[in-house]
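As structure tokens, the structure follows; a few thoughts come after it.
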């Protein structure tokens, strides 16, 4: 590796900005070149009843893995195939109902060219993402997407930088178009992403996190406030649900209700909780998503909310701390 000349200053910040500008311009240059071929490629992938096989060599292979992962995580079954390994037995993963995407900047690499005849023999659709629309890959593809760039971000114009970014952006465009075409919904996304914060936001329901049993104090309207406070303390809660004689929620008593009344009504501790509770409180169903509950609590600026069933009976209580501890943010 050639050494930098002694004393020569390098503006690292400017280099970084230049790289980002070059790659950004490369992606933007694809926009006016996107035509009917893109729509045809999306239709091929949408009609695919098998898997979308994504192939690339070297840096393009890394891009292929990312595109395949994005497709698989958004409802389009996919896997990445190494072109050399394919010629040594892995071609067996390609089925008659599959579709193939091949990525190659030149479209002329030996690994890709050697694989093309065998893919064509299987009579599966072939989509090319290449920077060379006149290449062997483009000539044999059913649809070719032009990912050509004016120059690489590399100062030697050699290392795949802008070209791989352009190919990746085209792959993302295909995946997003398929999301729209399939009507892929947040619930579908959650089904494929059950772990981590994303899964918690999309899968957890209020019923999964609400406090029940002894942690959910429920009292009658005639219960003295002093006893209600003891029940709340024992439950390590900040509120209690108050029910009428039929067991339906009649109100909600919080420590805020106590503070608001204790100065004007010093006898409050001996009075029935029904006199000082909040009537018609904010409630939520156990079937609602936990992330919806978090949004509701934030909008109404409350910390606890009673959870009721279809009969209006309190079946649990949800505290904002429970949501935060579960990672629903």
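The values are calculated or read from the model by the stated rules, or taken from the named source; none is laboratory data. Every value quoted in this text rests on a predicted model; they were computed, and no experiment measured them. Glycine also receives a Cβ, built like all others from the backbone with ideal geometry; neighbour counts cover every protein chain displayed.
Residue-by-condition table, conditions (1) modelled with pLDDT under 95; (2) surrounded by fewer than 23 Cβ atoms within 10 Å (Cβ to Cβ); (3) part of a helix (DSSP H, G or I); (4) in contact with a strand residue (DSSP E or B) (Cβ under 8 Å, 6 or more places away or on another chain):
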residue: 37; (1), (2), (3), (4): no, yes, yes, yes
residue: 41; (1), (2), (3), (4): no, no, yes, yes
residue: 53; (1), (2), (3), (4): no, no, no, yes
residue: 60; (1), (2), (3), (4): no, no, yes, yes
residue: 67; (1), (2), (3), (4): no, no, yes, yes
residue: 76; (1), (2), (3), (4): yes, yes, no, yes
residue: 79; (1), (2), (3), (4): no, yes, no, yes
residue: 95; (1), (2), (3), (4): yes, yes, no, no
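If you go through region 225-243 and keep only what is touching a helix residue (DSSP H, G or I) at 6+ places or on another chain (Cβ under 6 Å) and either part of a strand (DSSP E or B) or surrounded by fewer than 15 Cβ atoms within 10 Å (Cβ to Cβ) (or both), you end up with 226, 240, 242. Taken over region 81-93, the residue count meeting the criterion of being within 27 Å of residue 148 (Cβ to Cβ) and outside any loop (DSSP other than H, G, I, E, B) is 4.
In the set 313, 267, 304, 287, only one residue is over 19 Å from residue 223 (Cα atoms) and surrounded by fewer than 18 Cβ atoms within 10 Å (Cβ to Cβ); that residue is 287. Within region 249-288, the set of residues being within 26 Å of residue 328 (Cα to Cα) and touching a residue at least 40 places away in the same chain (Cβ under 8 Å) comprises 252, 254, 284, 285, 286, 287, 288. The helices (runs of 4 or more DSSP H) found entirely in region 98-191 that carry 1 or more residues being out of contact with any strand residue (DSSP E or B) (no Cβ under 6 Å at 6 or more places or on another chain), surrounded by 14 or more Cβ atoms within 10 Å (Cβ to Cβ) and in contact (Cβ under 8 Å) with a residue 60 or more places away in the chain are 110-121, 162-182.
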